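Each remark here refers to the structure printed beneath this line.
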Amino acid sequence: MTNSMQIRRIVMFTNQMEAMTAFYRDVIGLELKVDEKGWKDFAAGGINLALHNGTSAVGRRAPKLVFHSDDVAATRDMLMKRGAKMGKVKSGAGLDLCEGVDPDGNPFQISNRA
């Protein structure tokens, strides 16, 4: 029997549920699938992103969510108009990327990497 493990959900703990929900729903544009007290679950492509009430105990370097976009610069501009804090677009060898942070300070990236 083969054990086929697949990531289905990433859970991020937060004490800022309202701000984090608004960020991932209204700024990033993810569809909120489950809206329960202390638990929000967003459709994020091949996996879900969930927010859970509680304090995060992230190590020295926090995990980073990476969202795909064919046009990183246009996506950056759209996100900034929605209130996202974003760095500059970096480009090289056919790869474009841009770094940002959510309300809890968790890093995320927009990338055109396949």
Please give the contour-minus-distance gain from Ile47 to Met78: 0.36 nm per residue of separation, less the Cα-Cα distance, rounded to one decimal in nm.
8.9 nm
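Could you tell me the calculated FRET efficiency between Lys37 and Ile7, based on Cβ-Cβ distance and R0 = 22 angstrom, to the nearest 0.05?
0.30
When the helices in the chain are scored as -39500 (n - 2.57) per DSSP H run of 4 or longer and the sum is shared across all residues, what 222 nm value do you end up with, to the nearest 500 deg cm²/dmol?
Details: 2 runs with 16 residues, N = 114.
One gets -4000 deg cm²/dmol as the mean residue ellipticity at 222 nm.
In segment 14-104, what % of DSSP beta bridges are antiparallel (nearest 5)? Provide the component values of the computation, followed by the final result.
On the way: 15 of 16 bridges.
The answer is about 95 percent antiparallel.
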A correct fewest-to-most ranking of Ser69, Ser91 by other Cβ atoms within 10 Å would be Ser91, Ser69
Taking just the alpha-carbon atoms of the chain, what radius of gyration and Dmax come out, in angstrom?
14.8, 50
Value of relative contact order over the chain, rounded to a whole percent, pairs C-alpha under 8 Å and six or more apart
25
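Going down the table (Lys37/Lys81; Lys33/Lys90; Lys64/Lys90; Lys37/Lys88; Lys33/Lys88), which pairs top 26 Å between alpha carbons?
Working: Lys37/Lys81 29 Å; Lys33/Lys90 33 Å; Lys64/Lys90 17 Å; Lys37/Lys88 36 Å; Lys33/Lys88 31 Å.
Over 26 Å Cα-Cα: Lys37/Lys81; Lys33/Lys90; Lys37/Lys88; Lys33/Lys88.
No value in this document is a laboratory result; all are computed from the given coordinates. The structure displayed is predicted, hence computed values, not measured ones. Ideal geometry is used to build each Cβ from the backbone, glycine not excepted, and the neighbour counts take in all protein chains shown.
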